[in-house]
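Q: The structure is given below, and queries will be raised subsequently.
Every number here is computed from the coordinates shown, using simple stated rules; none is lab data. Here the structure is a predicted model, which means the values were calculated and not measured. Reconstructed Cβ throughout: ideal geometry from the backbone, glycine too, with neighbour counts over all protein chains shown.
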Amino acid sequence: MAGQIKKMIDHIVKERSQGNSSIATTTRTKLILKGISPQKYNDLSEDDPTVIGKLESIASEFGIANL
């Protein structure tokens, strides 16, 4: 299923920011610092199990469940 990584990134940013654009920007920056570049992924991007694992770990670290 292509695009799963983009959906996960969007979910993490949405849950963490709760509509606050400053926190959304900070969250994207933190993802970049952790090795995930949000701009790199779109709805047609192939799903890489390694990246999905990293995102699950990051979400857990941020206290986000239900990815």
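Q: Mind listing whichever residues of the range 21-46 are surrounded by fewer than 15 Cβ atoms within 10 Å (Cβ to Cβ) and of a type in the set (Val, Ile, Thr)?
A: ILE23, THR25, THR26, THR29, ILE32
Q: What number of residues within the range 43-67 are within 16 Å of LYS14 (Cα to Cα) and out of contact with any helix residue (DSSP H, G or I) (no Cβ under 6 Å at 6 or more places or on another chain)?
A: Final tally of qualifying residues: 7.
Q: Taking the range 23-67 on its own, how many of its residues are among the basic types (Lys, Arg) and closer than 10 Å to LYS6 by Cα?
A: Qualifying residue count, the range 23-67: 1.
Q: Looking only at the range 47-67, how many residues end up being surrounded by 11 or more Cβ atoms within 10 Å (Cβ to Cβ) and assigned to a loop (DSSP other than H, G, I, E, B)?
A: 5
Q: Now for a different question. Taking the range 21-46 as the search range and keeping residues that are among the aliphatic types (A, V, I, L, M) and not in a helix (DSSP H, G or I), which one is nearest to the chain's Cα centre (by Cα)?
A: ILE36
Q: Still on this structure, please answer the following. If you go through the range 8-20, how many residues are in a helix (DSSP H, G or I) and surrounded by fewer than 12 Cβ atoms within 10 Å (Cβ to Cβ)?
A: Qualifying residue count for the region: 0.
Q: Right, ILE5: assigned to a helix (DSSP H, G or I), of a type outside the set (Gly, Ala, Ser) and buried (at least 17 other Cβ atoms within 10 Å of the Cβ) or not?
A: yes
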